[in-house]
Amino acid sequence: MQTYNFKNQLWLGQEGELILDTIFYQWYKIFPASAEEDYIGIDRIFFAGSNKKTVQYKTDFLSYKTGNAYIELLSRSDLLTPGWIYTAKAEWLIYFVYPKIIYCLSLKKMRDILSIWKSKYRTVKVKNTKYFGEGLIVPLQELRAIAKSVLEVK
């Protein structure tokens, strides 16, 4: 089982954030979240005129090869810390299947369908240096089916 290092994963996620900011900047004025907003699962605030959207970014470097998304159910299984699918307060999830596909998803819609996904798909443990996370493996076509939009990166 591969062991993930939190610092390395953070760095990779920040790389994805830069790419996503560059792409979405053409449609939105983008502001990074405050430390307090970040703590509750908001990475960016998007503005289009007076329309405001709270956004969480996720960059997945394996899903392009596997065809599956990782939906975090527990961030730390030893402490039973709920994963981002439950805790993120953002309205929208931007799920980046690096390097090619971006799914724009309503977190509410994802939570509404989560029990169906949990009955159909398997959960996996992900080993970090000192603990395990746990997530649901969901085929990308399921994200596509509920996405508000899907962008192909060139």
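Between ASN128 and LEU80, the modelled labels are 1.8 nm apart [label points 7 Å from Cα along Cα→Cβ]. Evaluated over region 105-145, the count of Lys pairs having alpha-carbon atoms less than 20 Å apart is 4 (only pairs 8 or more residues apart or interchain).
Calculated from DSSP H runs of 4 or more alone, at -39500 (n - 2.57) each and per residue, what is the 222 nm mean residue ellipticity of the chain, nearest 500? Write down the numbers at each step before the final one.
Numbers: 6 runs with 53 residues, N = 154.
Calculated mean residue ellipticity at 222 nm is -9500 deg cm²/dmol.
All of the numbers you see were taken from the coordinates with simple rules; none came from a lab. Nothing here was measured: the structure is a model prediction, and the numbers come from that model. All Cβ positions, glycine included, derive from the backbone under ideal geometry; neighbour counts span all protein chains shown.
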